[in-house]
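Remarks on the structure that follows.
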Amino acid sequence: MNDALSNLMHEDRRFPPPAELAASANVTAEAYDRATQDREAFWAEQAERLDWGRKWDRVLDWDNPPFAKWYTGGTINASVNCVDRHVAAGRGDKVAIHWVGEPADDTRDITYAQLQDEVSRAANALTELGVVKGDRVAIYLPMIPEAVVTMLACARLGAPHTVVFGGFSADALASRIVDCGAKVVVTADGGYRRNAPSALKPAVDEAVAKTDGLVEHVLVVRRTGQEVAWNDSVDVWWDDVVARQSSEHTPKLHDSEHPLYVMYTSGTTGKPKGILHTTGGYLVGTSYTHWAVFDLKPDTDVYWCTADIGWVTGHSYLVYGPLANGATQVLYEGTPDSPHKGRWWEIIEKYGVTIFYTAPTAIRTFMKWGDDIPAKYDLSSLRVLGSVGEPINPEAYVWYRSTIGGDRCPVVDTWWQTETGQILISPLPGVTEAKPGSAQVPLPGIAADVVDDDGNSVPDGHGGYLILREPWPAMLRTIWGDDERYKDTYWSRWPGVYFAGDGAKKDEDGDIWVLGRVDDVMNVSGHRLSTTEIESALVSHPKVAEAAVVGAADETTGQAVCAFVILRDSAAGDTSDIVAELRNHVAKEIGAIAKPRQVMVVPELPKTRSGKIMRRLLRDVAENREIGDVTTLADSSVMSLIQSGLSSND
Ligand code: WT7
């Protein structure tokens, strides 16, 4: 562990829960003991917050590990739980979504009753397009209400969705469509990005052309009104098909273990993994944690999670968790700096947001922009703040707490993953004395630990690997179409134990500090990127012979992508801007989020005798540090060659 991290562990600022919040908190300390005494009884109790058709026979079936089944024998409909039941309970007039478009005057308040109508129409439209239970539907949309509506319509039909982040490339979209076999794609002409329409449909057209006739229909929402190419045999306008449908749709119940969605995430190899989440357990896990971690009071809170629906956070804490809980929330289409850098705070003031959930990278950006910007707005409605996506450094935490939270709002640093589906480690705002920089404690019902190389629990004050010892309701069930990879990736390091891929440390109080990935996965602005995937993209460029990618520490984005490339001989003497060309090439292959911050052209790469690239040494270069131990290099002169080449480039 590096020095900065050991320093972190000596953080001694403490923030006890506000007395008022603690006195009426949804969850109190007693929940931990109760859950430990009988984990399954605890999760059975949490399942009672949902509406089931048939109740489950067994809470957990772990007869065939690592393939878990939760609430077996139970039947449920996620869409009914997120929408219809609130209307049936007389809360139809309650606002479900305050939608805020990027053009500043473009807003819409959608009540639960309206949401029910729209979801029903969309479910009828998808049915007309031939979607039946079990079919997969790909969603490639901006942050507009139709995104939420489509997800819930799919869930209603039992047609698993796969949402692909709008920033991903046509190739990335195509590979996801093919991997999960989606027969319908729902998209828009475009979305708004910093005051300008940004097209989506061309990427879909390109992707669909690569899927060999798999995609039968592309359902297109008109959002920006920009010109789009049109293929009458595939493309249909949302307005033509959805608007004329009946707003009545009688939902069917699905098995608790029926697939709800597939979310692709980067692993250590070039091929993204389709993480499968199923219905009953996922909904229990997300709704319980959303209620517990944010202390949600559905009647009075206004909740806002800034994540895009293209990521798991958007699924668990923007769609399924909050809507299952009947929350009122904000959904914002745009970026934080459009049309001005106070936009988020303006939205909080306007809607009286009480619970706010965002990422450390955003917090660090706001710190850079200066305190005077949030100071112009009334943020006194806020009462709980959340952070997710990467470790939050104590300075950013304390700034968030004081400048945004007025020193009265507890900050919950929530650790989880695409795979875990739900938050697993986090302080509870009414219980935990908070420590800046630490996710602290496993939630009630969660068996997290830090272990050494042999899988033994480390004593307090020591570091190791973050693991889970017991299954949890919203856990992934497998990797779509690849049970072996599921077993190998998560369950093979130590028998019976889920390995998250993160390093962590327990401090002297036993609190957990998550230190980041221990594998070849980078975390850039809270987004997971695979070094191998970016290397493959670089090597696919005709001028590149070899490439190595590392994540280097970055003040704003946490980590930044740094690429080292060896050019082909044929590119020698090429005077074009090869660096710009390669950065754009990666953006085209994967998406703009994967664009390297730096591309360094080098004559050699440091390798061990067995040919493995020593990324540790490259990271030293990328972070401008003294180069570490080079004794295991096949050729120890390589590092000086690389460095002299780079300094002569400057
Ligand atoms: C990885 C999961 C969870 C939704 C967003 C990212 C890192 C996430 C924290 C946190 C330290 C964190 C881990 C994890 N991470 N939250 N609070 N403290 N690290 O989901 O793309 O699946 O990435 O993000 O490294 O393994 P994801």
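Put simply, of Ala362, Ala396 the only residue that is in a helix (DSSP H, G or I), without any contact (Cβ under 8 Å) to a residue 40 or more places away in the chain and within 16 Å of the ligand (Cβ to nearest atom) is Ala396. Condition check: farther than 30 Å from Leu173 by Cβ, in contact with a Cys (Cβ under 9 Å, 6 or more places away or on another chain) and touching a residue at least 12 places away in the same chain (Cβ under 8 Å). Does Leu618 satisfy that? Considered against the rule, which asks whether it is farther than 30 Å from Leu173 by Cβ, in contact with a Cys (Cβ under 9 Å, 6 or more places away or on another chain) and touching a residue at least 12 places away in the same chain (Cβ under 8 Å), Leu618 comes out as yes.
Could you say which residue among Val218, Val137, Val204, Val185 is in contact with a Phe, Trp or Tyr (Cβ under 7 Å, 6 or more places away or on another chain) and in a strand (DSSP E or B)?
Details: Val218 fails: in contact with a Phe, Trp or Tyr (Cβ under 7 Å, 6 or more places away or on another chain); Val137 fails: in contact with a Phe, Trp or Tyr (Cβ under 7 Å, 6 or more places away or on another chain); Val204 fails: in a strand (DSSP E or B).
Exactly one of Val218, Val137, Val204, Val185 is in contact with a Phe, Trp or Tyr (Cβ under 7 Å, 6 or more places away or on another chain) and in a strand (DSSP E or B), namely Val185.
Test Gly437 against the stated conditions and say whether it is within 27 Å of Gly405 (Cα to Cα) and either within 16 Å of the ligand (Cβ to nearest atom) or surrounded by fewer than 21 Cβ atoms within 10 Å (Cβ to Cβ) (or both). For Gly437, the condition - within 27 Å of Gly405 (Cα to Cα) and either within 16 Å of the ligand (Cβ to nearest atom) or surrounded by fewer than 21 Cβ atoms within 10 Å (Cβ to Cβ) (or both) - is met. Output the residues belonging to segment 53-68 that are free of Cβ contacts under 8 Å to residues at least 40 places away in the same chain and either out of contact with any helix residue (DSSP H, G or I) (no Cβ under 7 Å at 6 or more places or on another chain) or more than 25 Å from Asp483 (Cα to Cα) (or both). Once the filter is applied, which keeps residues that are free of Cβ contacts under 8 Å to residues at least 40 places away in the same chain and either out of contact with any helix residue (DSSP H, G or I) (no Cβ under 7 Å at 6 or more places or on another chain) or more than 25 Å from Asp483 (Cα to Cα) (or both), segment 53-68 yields Lys55, Asp57, Arg58, Asp61, Asp63, Asn64.
Going by what's in this entry, would Arg401 be described as in a helix (DSSP H, G or I), within 16 Å of the ligand (Cβ to nearest atom) and over 19 Å from the mean Cα position of the chain (by Cα)? So Arg401 fits the description; yes. When you look at Ala537, is it buried (at least 20 other Cβ atoms within 10 Å of the Cβ), more than 16 Å from the ligand (Cβ to nearest atom) and without any contact (Cβ under 8 Å) to a residue 60 or more places away in the chain, yes or no? Criteria met by Ala537.
Can you tell me which of Asp299, Asp308 is in contact (Cβ under 8 Å) with a residue 24 or more places away in the chain, assigned to a loop (DSSP other than H, G, I, E, B) and either in contact with a Cys (Cβ under 6 Å, 6 or more places away or on another chain) or not aromatic (Phe, Trp, Tyr) (or both)?
On the way: Asp299 fails: in contact (Cβ under 8 Å) with a residue 24 or more places away in the chain.
Exactly one residue qualifies, and that residue is Asp308.
Of everything in segment 577-594 that is small (Gly, Ala, Ser) and in a helix (DSSP H, G or I), the residue that is surrounded by the fewest Cβ atoms within 10 Å (Cβ to Cβ) is Ala580. Note on segment 441-498: residues that are surrounded by 21 or more Cβ atoms within 10 Å (Cβ to Cβ) and among the basic types (Lys, Arg) amount to 1. When Gln417 is tested against (1) under 20 Å from Gln559 (Cα atoms); (2) assigned to a loop (DSSP other than H, G, I, E, B); (3) touching a strand residue (DSSP E or B) at 6+ places or on another chain (Cβ under 7 Å); (4) more than 9 Å from the ligand (Cβ to nearest atom), only condition (4) is not met.
Within segment 479-495, identify whether any single residue is under 20 Å from the mean Cα position of the chain (by Cα), at pLDDT 95 or above and in a loop (DSSP other than H, G, I, E, B), and answer yes or no. Yes, the conditions are met somewhere in segment 479-495.
Scanning segment 298-315 for residues that are within 10 Å of the ligand (Cβ to nearest atom) and crowded, with 23+ Cβ neighbours inside 10 Å yields Val312, Thr313, Gly314, His315.
Of the residues in segment 499-521, how many are in a strand (DSSP E or B) and away from the ligand (no atom under 12 Å from the Cβ)?
First, the residues of segment 499-521 that are in a strand (DSSP E or B): 499-506, 512-517, 521.
Restricting the remaining residues to those that are away from the ligand (no atom under 12 Å from the Cβ) gives 506.
Residues that pass the stated criteria total 1.
All of Ala563, Ala580, Ala571 fail the test of being over 23 Å from the mean Cα position of the chain (by Cα), more than 14 Å from the ligand (Cβ to nearest atom) and either farther than 30 Å from Lys368 by Cβ or among the hydroxyl-bearing types (Ser, Thr, Tyr) (or both), apart from Ala571.
Among the residues of segment 595-634, those identified as out of contact with any Ser or Thr (no Cβ under 9 Å at 6 or more places or on another chain), surrounded by 15 or more Cβ atoms within 10 Å (Cβ to Cβ) and in a helix (DSSP H, G or I) are Leu617, Leu618, Arg619, Asp620, Val621, Ala622.
Please work out if Gly386 is within 16 Å of the ligand (Cβ to nearest atom), in contact (Cβ under 8 Å) with a residue 12 or more places away in the chain and among the small types (Gly, Ala, Ser).
yes
The values are calculated or read from the model by the stated rules, or taken from the named source; none is laboratory data. None of these values were measured; they are calculated from a predicted model. With ideal geometry, Cβ positions are generated from the backbone for all residues, glycine too; neighbour counts draw on all protein chains shown.
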